[in-house]
1. Quick one: divide the alpha-carbon radius of gyration of region 4-93 by 2.2 N^0.38 Å and tell me what you get.
2. Tell me the Kirkwood radius of region 189-245: reciprocal of the mean inverse pair distance over distinct alpha-carbon atoms, in Å.
3. Principal axis lengths of region 206-295 from Cα atoms, whole Å, largest first?
4. With a 10 Å cut-off between alpha carbons and a GNM built on the chain, which of Tyr11, Tyr185, Tyr163 moves the most?
5. Calculate, for Glu52 and Ser72, the FRET efficiency according to 1/(1 + (r/R0)^6) with r their C-beta to C-beta distance and R0 35 Å; round to the nearest 0.05.
6. How high is the relative contact order of the chain? Use alpha-carbon pairs under 8 Å, at least six apart in sequence, and give a whole percent.
7. Give me the base-10 log of I(q)/I(0) for the chain at each q in 0.08, 0.12, 0.13, 0.15 Å⁻¹, Debye formula, one uniform scatterer per Cα, rounded to two decimals.
8. Can you pull the accessible area of Asp133 for me, 1.4 Å probe, Å² to the nearest 10?
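The values are calculated or read from the model by the stated rules, or taken from the named source; none is laboratory data. For clarity, every value in this text was computed on a predicted model and none was experimentally measured. Cβ: placed from backbone, ideal geometry, glycine included. Neighbour counts: every protein chain shown. Note: accessible area is taken over every heavy atom of the protein model, side chains too, but ligands, DNA and RNA are not part of it. Shrake-Rupley method; radii C 1.70, N 1.55, O 1.52, S 1.80 Å.
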Amino acid sequence: MQTTDGYETIYKEFIRETNLCADLDTLEALRLKYFGKKGVFNDLAEELKNAEPENKRDIGQKINTLKAQITSLFASKQTEISENVYKTRIDNCPVFDEELLINKNPLGSYHPITLVQRTCEEIFRGMGFTIEDYSEITDDFNCFEALNIPPFHPARDMQDTYYLSNGQVLKTHTSAAQNTIMKKYGAPLRAVFPGRCFRNEAIDACHENTFFQMEGIMIDKDISVSNLIYFMKTMLSEVFGHEVKVRLRPGFFPFVEPGFELDINCQICGGKGCPSCKNSGWLELCPCGMIHPKVLEYGGIDIEEYSGFAFGLGLTRLAMMKYGVKDIRTFNGGNIKALSQFTNK
Ligand code: PHE
């Protein structure tokens with residue numbers, strides 16, 4: 001049987017052993033040493049069993065006190081070790097590198113044509129136009145026939161077309177979407193449809209085989225050339241951020257009648273005459289005209305009731321003018337230094 005000192009010795013030994021525990025595994029081994037099947041408390045229980053009946057109460061109480069002390073110390077040690085484990089984990093965690101916050105990988109920028117396109121879209125949206133999408137591969141009917149350019153008509157030579165081996169074509173102009181959009185919505189109709197166009201051009205500073213246009217059509221009752229002039233003037237003044245002058249010259253396109261070339265006063269010299277406008281004071285920007293009745297009919301529009309105008313704004317040309325880009329090859333060149341300097345401001 002243990003003396004009072006004996007219980008105290010057990011407790012002191014437990015304290016000593018606990019202090020040596022640095023992790024939960026060793027602590028668990030210690031727990032088993034005391035509370036396990038063959039542990040210290042098992043021995044004490046044996047002693048209690050074999051004790052004289054008159055001593056049992058006293059021994060029992062002492063064992064219980066010891067058990068409570070050890071249990072409580074064990075619990076606090078367990079908490080301490082667990083907290084240390086977390087603390088060590090946090091301390092050893094890779095330190096947050098504030099430098100990473102500094103923008104080492106600069107954000108991308110919008111392509112200047114995208115910027116001009118979005119500006120135009122916003123302006124037309126504000127005037128009640130919807131923005132339409134159209135594929136880059138189309139067919140002979142949509143690209144030519146529905147636009148009053150029958151097979152073998154010499155007007156086809158105006159556009160150096162890429163034909164695909166299956167007979168389809170890469171759209172040479174955004175006008176190729178006119179028929180589809182007329183059929184989709186019927187009249188009255190206001191829509192713009194930007195898109196990439198392709199022509200077999202010899203490339204130089206002013207010519208590209210891949211360029212962007214934005215087509216617009218407005219079909220309603222009593223639409224006239226003055227509506228066309230109004231919308232074009234408003235739109236271009238907003239794009240350039242100041243009032244621009246426009247003028248119309250006759251121009252031939254089989255799908256408009258009458259057809260025009262719309263010029264704006266040169267944005268570089270203001271109209272006085274400079275090398276950019278070949279001293280004329282005007283720059284050609286946007287072919288347009290009143291939609292030919294045949295084209296309306298192909299689109300299922302009642303020509304007794306409705307008329308409309310169409311324009312084919314050269315987005316690439318517009319971006320060159322707005323940002324003063326002298327070489328058209330800049331746009332498709334993929335030179336990030338050149339392309340990342342444009343903003344909408
Ligand atoms: N689609 C014509 C072109 O690319 C431009 C145009 C559009 C002309 C609409 C008149 C009306 O050459």
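1. 1.31
2. 13.8 Å
3. Principal-axis extents of the Cα atoms in region 206-295, largest first: 41, 31, 22 Å.
4. The residue with the greatest mean-square fluctuation here is Tyr11.
5. Rounded to the nearest 0.05, the efficiency is 0.70.
6. The normalised contact order for the chain reaches 16 percent.
7. -0.52, -0.91, -1.01, -1.22
8. Accessible area, nearest 10 Å²: 140 Å².
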